[in-house]
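One structure below.
The values are calculated or read from the model by the stated rules, or taken from the named source; none is laboratory data. None of these values were measured; they are calculated from a predicted model. Quick reminder, even Gly has a Cβ in these numbers, built from the backbone with ideal geometry, and neighbours come from all protein chains shown.
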Amino acid sequence: AQSVTQLGSHVSVSEGALVLLRCNYSSSVPPYLFWYVQYPNQGLQLLLKYTSAATLVKGINGFEAEFKKSETSFHLTKPSAHMSDAAEYFCAVSFYGGSQGNLIFGKGTKLSVKP
Amino acid sequence: GAGVSQSPSNKVTEKGKDVELRCDPISGHTALYWYRQSLGQGLEFLIYFQGNSAPDKSGLPSDRFSAERTGGSVSTLTIQRTQQEDSAVYLCASRRTSGGNTGELFFGEGSRLTVL
């Protein structure tokens, strides 16, 4: 069965510091992987996705993630945090990109950015 | 429409009452999903529609929960005899299933349900 584990429910960084949010997945078939961001009182917005093309994926707002099959990981990084990055981040895996495409989500990591 | 629209954005109800939550997906999106987001629990899958059919209802937590979709568009999630544990944000998402599908879901802003 597919599943997603996000390490750390809360991460706090200083403005300008590296952001690293961890995600590990379990999937019996090649996965599609996603990172979504949720700002307070808003829905989820796609940051980036891996769909079996390049293993290093660049997304919006300077975020990127690298698919590492050997480590079953898809960690999200950003070189320099901004105050506006404070939000909750969700990693998700898709069963398959075909007929159903249901996403299985991790429990989320809340990112705080200190001035 | 331009995005996924959900209503009401906030709903406060008394225990035992029925509630209906509405989702209007992006025009042309044939797949529609309902998720429940509870504090500290992430997103819990409830039900998936392909057109008007629901091939996967596996996430509905009890028989008090039901959903329908009509005209391949608007969906309604109904919770009967609400309980306090039903308090959560209910998120709807839609997705294309043709023309270059990559599995991305587009989410609405959610309906926050509070059961007193």
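For region B:85-101, how many residues are modelled with pLDDT of 95 or more and over 18 Å from B:LEU43 (Cα atoms)?
0
Out of A:LEU46, A:LEU33, A:LEU56, A:LEU18, which single residue is among the aliphatic types (A, V, I, L, M) and buried (at least 20 other Cβ atoms within 10 Å of the Cβ)?
After ruling out the rest, the residue left standing is A:LEU33.
Collect the residues in region B:25-48 that are more than 10 Å from the chain's Cα centre (by Cα) and closer than 14 Å to B:GLU68 by Cβ, keeping them in residue-number order.
B:PRO25
Do we find that B:VAL89 is assigned to a strand (DSSP E or B), within 13 Å of chain A (Cβ to nearest Cβ) and either touching a residue at least 40 places away in the same chain (Cβ under 8 Å) or over 12 Å from the mean Cα position of the chain (by Cα) (or both) in this structure?
Yes, satisfied.
Restricting attention to region B:1-59, and to residues there that are under 20 Å from A:GLY43 (Cα atoms), among the small types (Gly, Ala, Ser) and part of a strand (DSSP E or B), which single residue is farthest from the other protein chains (Cβ to nearest Cβ)?
B:SER7
Among A:PHE74, A:PHE67, which is the only one that is modelled with pLDDT under 95 and in a strand (DSSP E or B)?
Testing whether each residue is modelled with pLDDT under 95 and in a strand (DSSP E or B) leaves just A:PHE67.
Could you tell me which of the residues B:PRO25, B:PRO55, B:PRO8 is exposed (fewer than 14 other Cβ atoms within 10 Å of the Cβ), touching a residue at least 40 places away in the same chain (Cβ under 8 Å) and farther than 28 Å from A:SER9 by Cβ?
Step by step, each of B:PRO25, B:PRO55, B:PRO8 is checked, and only B:PRO8 is exposed (fewer than 14 other Cβ atoms within 10 Å of the Cβ), touching a residue at least 40 places away in the same chain (Cβ under 8 Å) and farther than 28 Å from A:SER9 by Cβ.
Each row is one residue, and each column tells you yes or no for (1) touching a Phe, Trp or Tyr at 6+ places or on another chain (Cβ under 9 Å); (2) surrounded by fewer than 16 Cβ atoms within 10 Å (Cβ to Cβ); (3) not small (Gly, Ala, Ser).
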position: B:VAL12; (1), (2), (3): no, yes, yes
position: B:GLN37; (1), (2), (3): yes, no, yes
position: B:TYR48; (1), (2), (3): yes, no, yes
position: B:GLY59; (1), (2), (3): yes, no, no
position: B:ARG81; (1), (2), (3): no, yes, yes
position: B:GLU109; (1), (2), (3): no, no, yes
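Within region B:60-86, count every residue that is basic (Lys, Arg) and either outside any strand (DSSP E or B) or within 14 Å of chain A (Cβ to nearest Cβ) (or both).
Count: 2.
Just one of the numbered conditions (1) part of a loop (DSSP other than H, G, I, E, B); (2) within 23 Å of B:SER94 (Cα to Cα) is not true of A:LEU48; which one?
(1)
For region A:9-26, which residues satisfy the criterion of being part of a loop (DSSP other than H, G, I, E, B) and either away from chain B (no Cβ under 13 Å) or not small (Gly, Ala, Ser) (or both)?
Answer for region A:9-26, where residues must be part of a loop (DSSP other than H, G, I, E, B) and either away from chain B (no Cβ under 13 Å) or not small (Gly, Ala, Ser) (or both): A:GLU15, A:GLY16, A:ALA17, A:LEU18.
Restricting attention to region A:51-60, which residues are more than 10 Å from chain B (Cβ to nearest Cβ) and in contact with a strand residue (DSSP E or B) (Cβ under 7 Å, 6 or more places away or on another chain)?
Listed by number, the residues that qualify are A:THR55, A:LEU56, A:VAL57, A:LYS58, A:GLY59, A:ILE60.
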